[in-house]
Structures are given as structure tokens and as C-alpha cells.
1. Is it true that Ala341 is within 14 Å of the ligand (Cβ to nearest atom) and either free of Cβ contacts under 8 Å to residues at least 12 places away in the same chain or touching a helix residue (DSSP H, G or I) at 6+ places or on another chain (Cβ under 7 Å) (or both)?
2. Mind telling me which of the residues Thr469, Thr451, Thr482, Thr430 ends up being within 16 Å of the ligand (Cβ to nearest atom) and either at pLDDT 95 or above or open to solvent by 20 Å² or more (accessible area, probe 1.4 Å) (or both)?
3. Only one of (1) modelled with pLDDT under 95; (2) more than 20 Å from Leu354 (Cα to Cα) fails for Met189. Which number is that?
4. Would you check if there is a residue in region 518-526 being at pLDDT 95 or above, open to solvent by 40 Å² or more (accessible area, probe 1.4 Å) and assigned to a loop (DSSP other than H, G, I, E, B)?
5. Of the residues Arg137, Arg157, which is open to solvent by 10 Å² or more (accessible area, probe 1.4 Å) and farther than 22 Å from Met338 by Cβ?
6. Please determine whether any residue of region 437-445 is modelled with pLDDT of 95 or more, in a loop (DSSP other than H, G, I, E, B), among the acidic types (Asp, Glu) and more than 11 Å from the ligand (Cβ to nearest atom).
7. Is at least one residue of region 418-425 of a type outside the set (Phe, Trp, Tyr), open to solvent by less than 10 Å² (accessible area, probe 1.4 Å) and more than 16 Å from the ligand (Cβ to nearest atom)?
8. Any chance region 486-508 includes a residue that's without any contact (Cβ under 8 Å) to a residue 40 or more places away in the chain and in a strand (DSSP E or B)?
Amino acid sequence: MSNEAPTTLAPGIMATQWTVPKQIWQHPNPSHSRPEQFRRFVNHKHGLNLKDYHELHNYSISDWTFWKDLWDYLGIISSVPPTKVIIEAPLIESPEFFPGSRLNYAENILIRNDDSVSCTVARESGHFSQYTSREIREKVRRMANAMRANGLKVGDRVAAVVTNSIDAIVIAMAAASIGAIYSSTATDMGAQGVLDRYKQIKPKFVFAETEVIYAGKLVDLTPKISHVVEELKHHGVDHVILLPSTVTGKDLKIKSDFKTLTLAQFLSTGKDVPLVFEQLPFNHPLIILYSSGTSGPPKCIVHSAGGILMQTKKDVALGLDMWWGDTYFQYTSCAWMMWNAMLGGLAVGGRLILYDGSPFHPDIKQFLKFVSDQKVTHFGTSPRFVGEIQGRGIKPLELGSFEALRMFFVTGAVVTPPVYEWAASVLPPTTHVMSATGGTDICSTFVGACTSMPAYAGEFQVKVLGMKTEVYDYDGKVIDDTGRKGELVCSRAHPSIPLGFWGDVGRKKFFDAYFARFPGVWTHGDFIAINPTTKGLLIFGRSDGVLNPSGIRFGSAEIYAVIDKYTAIIEDTICIGQRRPQDKDERVLLFVKMRDGRILTEALKADIRESIKQALSARHVPAYIFQVEEIPLTVNNKKIEIAVKQIVSGATMKPSGTVANPESLQLYYKYFELEKLLAAEKEKTKAKL
Ligand SMILES: CC(=O)CC(=O)O
């Protein structure tokens, strides 16, 4: 990373000389920030004298009362308030928070019931429609009554293949109001991906889109949905409800002998009775999310209603500093946990922008202008999106004033210092550029933003309140204060430890996923360090993707940070370690996808090598750099390093439905025979001379 210079203290993880990175934002009046307001609230409530965020964080991970403070501060609505915070138990057993309390997730999300706009639904065409909180509640009432009329009960699964739309919100909220368990995938997921998920959880109800538009192209989903229904009918499905075309509004049919209903037919079956929010235990299951495994069936992660409510509302209120009247635009599909996390925006009384389609069609400029015109206060996106805007040389401030934009946050992959610096330089100086990480496994965050503290390029500002996030070395020793890189772990219970994996009898898969590395401690799989000069945190990549040439361990994100300076000519890269059975050591391979048909020349390769050497060290320089046509990505736009690493090292992969471009993996098999490939390249160069 640009803010660290390696020393010569190898072998092993390179020691680091830390410096203070470039400061990119500071609150004009930190005492007005929400974390500060919460600190004062806690001090006042308990007669404490916690002086700053760090002392507050320390309190939050040493006294269980913190979670009750948070409950009070966030104004959690319940019919039976809690009398006890936790029944302590080992983390693998998902300790129960707030035993005895009764509440409903949807009642807490649909907190507003007035004529203010709560959701703006926007499409590629530029067309958008608005829904007040009263209208949304009415839609949820009708949907929930129809679900009840058709036999949906507490604990049944409701699955959806939907766009990021008002229907998605209404279906999810109606299911939660009854105590059913909701699960969604996006419309671009292949039939196999959908089946890999829904065959496991056996939904009673399936809601499916039939026709959508993406990047200007009409997509007929009926063949895919027919296939899915034909399979799921043998796995417990009772009702399939087809949503009208998002383009024409017309009802379309699928080819299946299974009896389907249109949305209008389904809604007409419900009684005209008031909306009822079932009062359920805090630990009642709410949603099933899926791990993005790139081979084998996805793990079905079951999250609790209370856990997701408290954690997402905390992340939105205290992390993003969002409240009543703010506007939150998270660019996401319904297959990413950010969709579920974004609902916390409604719980604090904010407005959501629900966008479906490509941001690049018809024109990214139109999309960015919309963000400015809609007076979005919080805009969330991914590093790839930022890379595209930067690569295309777009200057947002030439398209709109973005005067309302208080926060621009980038999640889903490591955000490198150049990306932070670029975003901060092209947005108003008042915009807080930040990132957070946690993800699907906890549907919340371990580290993230804090508006009472300065923000530095490349760093997560803080450990999130209530989360005992630590850095462990290979022996399980805490190395937080050393500046060394290690495993991101969480050693204390929090409410969004999943209830478990669906169908994982004996919790074996659950144990293997999080608890096998260090006894009793959640290991998240990220390679992380804390900068002792700022206390900010940096992630260097996934720990199973750590690069290890000659025993020098570093993260792929360190290489990506350097490559970011080539963003005008390089579209994307993937950096992995190769170690075949015949190799004595690991070598680092860097694969580069060029922008707009450009060629990766020898001169550019030399320049990249020199840049890596200068920014990091000679030992970080990849052994080989190759041009490739495609970088394998998950449907949530994450680079698939592990699969590529395994393929170039000799394994054969059967990609799962989580891979967005599975055919791209084929491009990497030839690198197993590296010597042959290099000899052929040499011959080609000779022939040219
Ligand atoms: C907040 C996040 O952690 C998002 C992600 O990485 O998927």
C-alpha cells in the first residue's frame, strides 16, 4: 500500500513501517456526529466518562449492557421489552440475545406511516416512480393478507427472483410480518444458481420476475423461470407468483404444468383486514443469504430477525450517520447482502432509491446526474463501479453539484488508497469517502466508518461498536498493536452471528466455515493489519488468497493498489499465487484485462514491475504478467482469486451459479503448463524479429 514501506525484516509476513496516510475527510463539527451523540447518551445513562470513540468501543466489547443501550438509542419497537441482554454460550452455538423479548422486524423497518416518500424506484430509461411510507405499508398489508390466505405460516420459506424494486421490498416485509423466512436472488442469476439455493431451502412460495431490461436489452426470463419451477415443484413449492413484465406491465406465462398465479390474482385472494406484525423472539429466523462459494453448492446462511435489525440499523445510524429524511442509494441487486443492509435506511426514517439496470446505460453520466438531482445523501457502490468512472475520465462535479452527498461508500472488495484519493478529489470536499467490511456471513460490518473521526485514504476508520474485531497471528496471538498483518477474527458474541446454515445437521459446515482455525473464535478469512499511527484498519485481501513467494506473505490488494494508477488503460486485474505439484516455491502471476482493445506491451509490463518495486519492494513483483480477455467475477462483482489460483496450480473447477462469467475460468487452465506457454511466446517474439 502506498502508506507503508516494507522493511528488511523478512522472512514471514513483512514488517511494516507505518506512516499517517493522506487525510481525505473530517467532520466540520465532530460533536454533532451521531457516534458522539451516542457516546454522550451512554455516558449520561450510566454516569460514565467515556472520552472518545475508542473508549466507547472498549465499553461496547466489555460490557453486555452496550447492546441494551443500543436497543434504547435506536428505539427498537417491541411488544415484550427485554429484561436480559444475553444467555452466554460459545460463539459456535450462536448465543441468544434479548431472551424473552418479542418484536417484529418488518414493524421496525416500516417505522414511518405518513405521506413522505420512502422509496423512489428508478430504471435505466430515466423513468422513476415514488412511493410514500403509507402506500408501502398498504402494499405490505395486501401482500401479507394474500400470503396468509394461501397458507403461509411462521417459519415457512418465501423465495424470490426479483429486481431491486418496490415488489421486492413488499414481498420481504410481508413475509417478515408473518414470521416467514425470506430469501432472494437477482434476475441475472442462472437457473442452476437459483436451483442450487432454493432446492436446499425448499420454499413454499416463489415470486419471480418474467421480463426485465438490462443495458437496454429486453430479457425474457420465462424460459429460466419455467426450468426453475419444473425442478422446484418436486421440492415443496406450493405457490408460484409471476410478477408482470417490468417493461410493459403485462402478465407473461411460463411453460409448466404447475399452476402459477399472476401478482394481481394472488393479491385478490387476501382478506381486507389490518396488517398484523407477528410478535416473535429476537432470535426468530428472518432471512437466508448465501455464501459466494465458487464451486459446490452455496451455504445457506440463516440470520435472525433481531440480529439483523439491530446490526443493520446500527451500521446505518452510527456507521453511515444516517437519520430521518436522509436519502440512501445503494447500487445493489437483490442477491447481495447490501440489499438487506440497505433496509436499515428505512428503519431510521430515510428514503431509499431502488435502481434496477445497468448504471452505464444509456450513459453513466445520466446515472450520476440522477444521484445528484435526487439529493442523495448516502451513495453506496463497488470499487469496480468507481474504477469505471475513473477509467472513463468522468468528473462527477461537471454533471451535478452533489451538494446533498454526505457519504460515498465503496464496499464489496478492498478499496485501495488511490481509489479513496480519487473519489475524494472528484466529489465535494464535504463528502465523506469511506468503506466498511463484514459481508454476507454477518450481514453487517466488523470495521467501517466513524463520522466523529478523520478519514484516511485506504483505511477503515474504526472497529465497529460491539464487534470485538482483532488481528491474530498464526498462533492465535493478538497482534493489534504491532502493525503486523494477520487474520481478522471476532472473539466475542454479537447478535448477527448466524443462527447456522440451513440443513447443516450437527453444525459441521458452520464449524468448518468460521471456527476451525482458532478454537472458540470466529475467523473471517480476511488478511488485515492495524496502522498504529492512526488506529485505522487495512485489509490486504482474503487470507486464503495470500501470496507467499519465498515465504514473503502479502495480500493481492497491495498489488491492486499499485495497478490503480493505470486505470485509464487497464480495466481489471487478478493477482494470484501459483504452486503446482512440481514447484518448490510459489510464484505470483498477475493477469491483466486491458481497456478498449489495448495491448499489454513489454514496455507496459516493465513499467508495472517498476511501479510495484517502487511502491512495495522487489519481492512483491509478480514473476509473470499476462494479458487476459476476462477476469472471473462473482455475481456480486468480486474477483474469484481462489478458483484461478487452484486452476493454474493444477485443479479442475466446476463453477457454481455464483460465478458471473463461468466460461472465463477456461482461459486460465493453460497457465498450468507455464513453461510451454513461455516457450511459445518466445518463439512468437523471435518470429516477429
Ligand atoms: C459491507 C460488506 O462487507 C460488503 C461485502 O463485502 O460484501
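1. yes
2. On the way: Thr451 fails: within 16 Å of the ligand (Cβ to nearest atom); Thr482 fails: within 16 Å of the ligand (Cβ to nearest atom); Thr430 fails: within 16 Å of the ligand (Cβ to nearest atom).
The match here is Thr469.
3. (2)
4. Taking every residue of region 518-526 in turn, at least one turns out to be at pLDDT 95 or above, open to solvent by 40 Å² or more (accessible area, probe 1.4 Å) and assigned to a loop (DSSP other than H, G, I, E, B).
5. Working: Arg157 fails: farther than 22 Å from Met338 by Cβ.
It is Arg137.
6. Within region 437-445 (the criterion being modelled with pLDDT of 95 or more, in a loop (DSSP other than H, G, I, E, B), among the acidic types (Asp, Glu) and more than 11 Å from the ligand (Cβ to nearest atom)), the answer is no, since none of the residues qualifies.
7. For region 418-425, residues of a type outside the set (Phe, Trp, Tyr), open to solvent by less than 10 Å² (accessible area, probe 1.4 Å) and more than 16 Å from the ligand (Cβ to nearest atom): present.
8. Yes, region 486-508 contains at least one residue that is without any contact (Cβ under 8 Å) to a residue 40 or more places away in the chain and in a strand (DSSP E or B).
The values are calculated or read from the model by the stated rules, or taken from the named source; none is laboratory data. Nothing here was measured: the structure is a model prediction, and the numbers come from that model. Quick reminder, even Gly has a Cβ in these numbers, built from the backbone with ideal geometry, and neighbours come from all protein chains shown. With ligands, DNA and RNA removed, areas are computed over all heavy atoms of the protein, side chains included. Shrake-Rupley method; radii C 1.70, N 1.55, O 1.52, S 1.80 Å.
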